[in-house]
Each structure stands twice: as structure tokens, then as C-alpha cells.
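**Q** Questions regarding the structure given below will be posed in turn.
The values are calculated or read from the model by the stated rules, or taken from the named source; none is laboratory data. What you see is a predicted model; the values in this text were computed from it and never measured. In this analysis, Cβ positions are derived from the backbone assuming ideal geometry, glycine residues included, and neighbour counts consider all displayed protein chains. Side chains included, ligands, DNA and RNA excluded: accessible areas come from the protein's heavy atoms. Shrake-Rupley method; radii C 1.70, N 1.55, O 1.52, S 1.80 Å.
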Amino acid sequence: MHAMKTAASISIQYNNPFSPFPAKDWKTGFQWAKDAGLDGVELILSDPKLIDVKSVISELDRLGLSVATIATGQAAALEGFCLTSYSEAERGLAVKRCFEDIDFSVSLGNRPNVTIGLIRGRGNPKNSADERELLKRELYKVAEYAANRNVKLNLEPINRYEVTLLNSVEDTAAFLDEMGNPPNIGILYDTFHVNIEDCGQVQTIKRFGDKISHVHFADSNRRLPGEGHLNFSEIKEALESIGYSNWISLEMLSIPDAEHVQKNMKRRMGAIFK
């Protein structure tokens, strides 16, 4: 039995490319994760105030699953929330939504981490220094609120083709250093983004392992692990070598289609965690 816990990303509100099930079929997605031997699910949602929390908890309890983390990127993609907006009012709305995500985490009982990824904004390369300062200012507020509610945040490096701010694990670690390393903010280590931005998977894990609070698995082509060129056995061993015992969530696109992911995920994950 591996010490690390495994999960799949499932959307419970609106359809999302990282969920291999339509949002309306989230219960089927939960069952699929359970049948594949995973320990939990990463919840994709936009507005937590519209979620039937009791229904979600009931299904988790029935299946013996836990929530790995709460993904907030859909609030940016669908509703336009942005922590680095040049409008103070818009930044305030994004902070408020993060507060609501933290409250949702508390309501689930096991207080899963809340991810700060795309909700920081896609950014403008001409103004990255300004946006860096804006993000610090707003993230301090979110981190303080989360700390008061005993919730941890995952700050996710995202590759340069999607955002302009905090692309690599190295830069994100430096950013947290600049913030004074708030104890309840860790780094979300995503193998797809790391493959583009960092010097190597194993080296990066060993260098910044003390900051890693959550892990996303997707291969180099954002397909299921084992369908690109990343060596997931080496990545798993590196995580074990630093004593990582938190969650690993699958966050890949449904390529070539959702049915392929549904049929092959158990085998692909079994090959890594054998």
C-alpha cells in the first residue's frame, strides 16, 4: 500500500475538459474513481454557494472516498474572476470567491486544500512585476482567511503558454519566499507544467519537495500517465524519497476522448502504483 493518496478530477457543477464525465454525471464519476481503486476525488466547481453539499458528502461517505482538493480555475474560465485584475473591485470579488471556496472546504469536513491556479489571472507580460505585487497583496488576504479556518492553499505554477505569472516551480518557490513563506501555502506540482518549465521532474521534486502540498499527474501530452514520454515510476519514487504522503490527482485532458480515459485510467494508474 502506497502512502500517497490518489484521486481523479471530477466536475460537480459545469462541464470541464479535465473531467472525463459531464458535470451532471458526477456521481458516476465518483463511482468510477472508487472502482478504479482511487482514494478520492478532486472537485472541479465554479460557485460553491450553488453546490448541494449534503448530497456530495452523502455520496463520498457511501463510497468511502475523500476530497483531495478543490479546484478553482473554473471560476476564472467561466466567470472571469482574477486576483491580479487592475480593478480593485474585481480583485475584491475574486478574493471573496476564494473565501467561499475555503468555506466550502470546511463544510466538507476533511478541509481539503484549495487551489489557487488560473484564478490568479492569465496576466500581461508587459506588466508582470505589477501583477506579481497585486497577487501578493490579495493572496495574503486569502491565506490569512484560510489559516483562520485551518485550510491550506495550493499555489499552482502554470506554463508560459497559458499564463504569464508563476510558470515554474522554481519561480513559485521564490514568490513564496518573497511572501515570507506563509505556512499554509504550498506548491501544486503538476507534471505537465513542470515538463515545460522546470529543469527536470526528479531534480525539481528533490529541490523543492518541502514546499509541495499537492500533485497533479498528466503526461507530457496531457494524456493519461503512460501515454506520453514522462517516467511516472521515477516521479513516484522521487516523491517517496522526500516523504511526500499527500494527494496525487489525475488532471489530464480526455484525449482522444472521455471513453478512452474511463476505460484505461485504472490500468495506467495500476502500472505506477503496483
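**Q** Please give the calculated 222 nm ellipticity per residue for the chain, where each DSSP H segment of at least 4 residues contributes -39500 (n - 2.57) and the sum is spread over every residue; nearest 500 deg cm²/dmol? Intermediate results must be reported in sequence, preceding the final value.
**A** Working: 10 runs with 120 residues, N = 274.
Value at 222 nm, helices only, nearest 500: -13500 deg cm²/dmol.
**Q** Just to be sure I understand the model, the point goes 7 Å from the Cα along the line to the Cβ. What's the resulting Asn264 to Tyr161 distance in nm?
**A** Placing both labels 7 Å beyond Cα along the Cβ direction yields 1.9 nm.
**Q** Determine the gain in length on full extension of the stretch Arg207-Asp177; use 0.36 nm per residue of separation and subtract their C-alpha separation, reporting nm with one decimal. List each step's numbers first, then the result.
**A** On the way: separation 30, 0.36 × 30 = 10.80 nm, distance 1.43 nm.
The span from Arg207 to Asp177 would gain 9.4 nm if fully extended.
**Q** Can you find, among Leu139, Trp26, Thr72, the residue farthest towards the positive end of the dipole of the chain? Put +1 on the C-beta of Lys and Arg, -1 on that of Asp and Glu.
**A** The Cα lying farthest towards the positive end belongs to Trp26.
**Q** If I compute solvent accessible area with a 1.4 Å probe over the protein chains, what percent of it on the chain is carbon and sulfur? Before the final figure, lay out each step's value.
**A** On the way: 5510 of 11480 Å².
On the chain, the fraction of accessible area on carbon and sulfur atoms equals 48 percent.
**Q** Roughly speaking, what is the centre-to-centre gap between region 209-274 and region 8-59 when only Cα atoms are used, to the nearest Å?
**A** Centre-to-centre (Cα) distance: 18 Å.
**Q** So, one more: Place a +1 charge on the Cβ of each Lys and Arg in the chain and a -1 charge on the Cβ of each Asp and Glu, then give the dipole magnitude about the Cα centre in debye, rounded to the nearest 20.
**A** Values: 32 positive and 37 negative charges, 97 e Å.
I would put it at about 460 debye.
**Q** Separate question: Expressed as a rounded percentage, what relative contact order does region 1-57 have, with Cα pairs under 8 Å and six or more residues apart?
**A** Working: 76 pairs, mean separation 21.2, N = 57.
Here the relative contact order equals 37 percent.
**Q** Enumerate by residue number the trypsin sites (Lys or Arg not before Pro) in region 67-130 meeting two conditions: DSSP loop (anything except H, G, I, E, B), and at most 15 other Cβ atoms within 10 Å of the site's Cβ. Present the calculation step by step, with values, prior to reporting the outcome.
**A** Values: sites: Arg91, Lys96, Arg97, Arg120, Arg122, Lys126; in loops: Arg122.
Taking region 67-130 and a limit of 15 other Cβ atoms within 10 Å, the loop trypsin sites (Lys or Arg not before Pro) found are Arg122.
**Q** Can you flag which of Lys27/Lys263; Lys152/Lys206; Lys34/Lys274; Lys5/Lys206; Lys49/Lys266 are past 27 Å Cα-Cα?
**A** Working: Lys27/Lys263 17 Å; Lys152/Lys206 22 Å; Lys34/Lys274 17 Å; Lys5/Lys206 19 Å; Lys49/Lys266 32 Å.
Cα-Cα > 27 Å for Lys49/Lys266; rest within.
**Q** Explain nothing, just the number: relative contact order of the chain, from Cα pairs under 8 Å at least 6 residues apart, as a whole percent.
**A** Numbers: 524 pairs, mean separation 48.8, N = 274.
This gives 18 percent for the chain.
**Q** Please state the charge dipole magnitude for region 63-211, taken about the Cα centre, from unit charges on C-beta atoms (+1 on K and R, -1 on D and E), reported in debye and rounded to the nearest 20.
**A** Values: 17 positive and 21 negative charges, 43 e Å.
Here the size comes out at about 200 debye.
**Q** How large is the accessible surface per residue of region 101-248, computed with a 1.4 Å probe and reported in Å² as a whole number?
**A** Values: 5870 Å² over 148 residues.
Computed with neighbouring chains in place, this is 40 Å² per residue.
**Q** In nanometres, what is the gap between the two model label sites at Val106 and Asp130, each 7 Å from Cα along Cα-to-Cβ?
**A** 3.5 nm
**Q** Can you pull the one-decimal nm distance between simple spin-label points at Lys96 and Arg137, each 7 Å off the Cα toward Cβ?
**A** 1.8 nm
**Q** With Rg and Dmax of the Cα atoms in Å in mind, check (i) 17.4, 50; (ii) 19.7, 62; (iii) 18.3, 56 and report the label derived from this structure.
**A** Given (i) 17.4, 50; (ii) 19.7, 62; (iii) 18.3, 56, the structure-derived one carries the label (i).
**Q** Tell me the accessible surface of Glu240 in square angstrom (1.4 angstrom probe, heavy atoms of protein chains only), to the nearest ten.
**A** Near enough 90 Å² of accessible area.
**Q** Phe208 accessible area, nearest 10 Å², 1.4 Å probe?
**A** In the full protein context, Phe208 sits at about 20 Å².
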